[in-house]
1. Could you please find all residues in the range 147-193 being farther than 21 Å from Lys2 by Cα, assigned to a helix (DSSP H, G or I) and in contact with an Asp or Glu (Cβ under 8 Å, 6 or more places away or on another chain)?
2. Given the condition among the aromatic types (Phe, Trp, Tyr), at pLDDT 95 or above and touching a strand residue (DSSP E or B) at 6+ places or on another chain (Cβ under 7 Å), answer yes or no: does some residue in the range 28-46 qualify?
3. Which condition from (1) open to solvent by 20 Å² or more (accessible area, probe 1.4 Å); (2) under 14 Å from the mean Cα position of the chain (by Cα); (3) of a type outside the set (Phe, Trp, Tyr) is the one that Ser85 breaks?
4. Test of understanding: among Ile89, Ile68, Ile83, Ile74, which residue is of a type in the set (Val, Ile, Thr), within 22 Å of Ser123 (Cβ to Cβ) and in contact with a helix residue (DSSP H, G or I) (Cβ under 9 Å, 6 or more places away or on another chain)?
5. Return the residue satisfying two criteria in turn: it lies in the range 116-140 and is among the aliphatic types (A, V, I, L, M) and under 18 Å from Val6 (Cα atoms), and of such residues it is surrounded by the most Cβ atoms within 10 Å (Cβ to Cβ).
6. Could you go through the range 141-156 and let me know if any residue there is modelled with pLDDT under 95 and either surrounded by 21 or more Cβ atoms within 10 Å (Cβ to Cβ) or among the polar types (S, T, N, Q) (or both).
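The values are calculated or read from the model by the stated rules, or taken from the named source; none is laboratory data. This one's a predicted model, so the numbers in the text were calculated from it and none came from an experiment. Cβ sites come from the backbone with ideal geometry, for glycine too, and all protein chains shown count toward neighbours. Areas reflect the complete protein model, heavy atoms only, side chains present, ligands, DNA and RNA absent. Shrake-Rupley method; radii C 1.70, N 1.55, O 1.52, S 1.80 Å.
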Amino acid sequence: MKEILVISAHPDDLEMSCGGSVAKWVSSGDRVTNLIMFSDVKHLRFLRMASRHLGHKTVLFPGTRDTIVDHKTISKIEEILDISSFDRIITHWKEDWHQDHKACHDIGNILARKQLAELWYMSSHPYHLKYSEFSADMYVNTEEFSFLKARSMSEYPNIAKQWRRGVGHHDQWRGSMIDKKTAEVFQIGNMVS
């Protein structure tokens, strides 16, 4: 059993980026915690319904759009969570153009600095369309769990239909690379074996 921490900017980021993987990991006995850094958004009210489809635990950081990545923020996270208990940390990729996603990328790197934990970066739609440096080197077959990802995303009325379709097409395209119906991809920052 692995302890996995997904650091995401907002409610709906985990669901859109790695919801199928999270459902798969939870079904195999892993424990997944989603640390949401910027929960001061209107669609927070849909989080409980969305996360019940995937089975992960959610921790809300008391961050706002004005939160900066500094020593105080990192210390507060380390007070809320025992970072050393996690085997894997997953967060946003550095080329996501949303400023909150960029902050989470930095937070993930800082938290992983002293840990013997894997560090993975998730591919996020539609941000991945402008990635130039992302190298998908971990494919997770999600074909048995894509329906749970779709259900979780459908709980968020803020996710437009074309974005849900885009996420589905992205997962199908990635799945075709490993001869599966759907897959989610990650870039490995560091791997512990």
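1. Within the range 147-193, Ser152, Met153, Asp171, Arg174, Gly175 qualify.
2. No: zero hits.
3. It is condition (2) that Ser85 fails.
4. Working: Ile68 fails: within 22 Å of Ser123 (Cβ to Cβ); Ile83 fails: within 22 Å of Ser123 (Cβ to Cβ); Ile74 fails: within 22 Å of Ser123 (Cβ to Cβ).
Going through Ile89, Ile68, Ile83, Ile74 in turn, just one is of a type in the set (Val, Ile, Thr), within 22 Å of Ser123 (Cβ to Cβ) and in contact with a helix residue (DSSP H, G or I) (Cβ under 9 Å, 6 or more places away or on another chain): Ile89.
5. Taking the candidates together, the pick is Met122.
6. Within the range 141-156, not a single residue is modelled with pLDDT under 95 and either surrounded by 21 or more Cβ atoms within 10 Å (Cβ to Cβ) or among the polar types (S, T, N, Q) (or both).
Listed here are the residues, each with its yes/no results for (1) crowded, with 24+ Cβ neighbours inside 10 Å; (2) within 21 Å of Thr73 (Cβ to Cβ); (3) touching a residue at least 24 places away in the same chain (Cβ under 8 Å).
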{"position": "Glu3", "(1), (2), (3)": "no, no, yes"}
{"position": "Ile7", "(1), (2), (3)": "yes, yes, yes"}
{"position": "Asp12", "(1), (2), (3)": "yes, no, yes"}
{"position": "Ser17", "(1), (2), (3)": "yes, no, yes"}
{"position": "Trp25", "(1), (2), (3)": "no, no, no"}
{"position": "Ser28", "(1), (2), (3)": "no, no, no"}
{"position": "Thr33", "(1), (2), (3)": "no, yes, yes"}
{"position": "Asp40", "(1), (2), (3)": "no, yes, yes"}
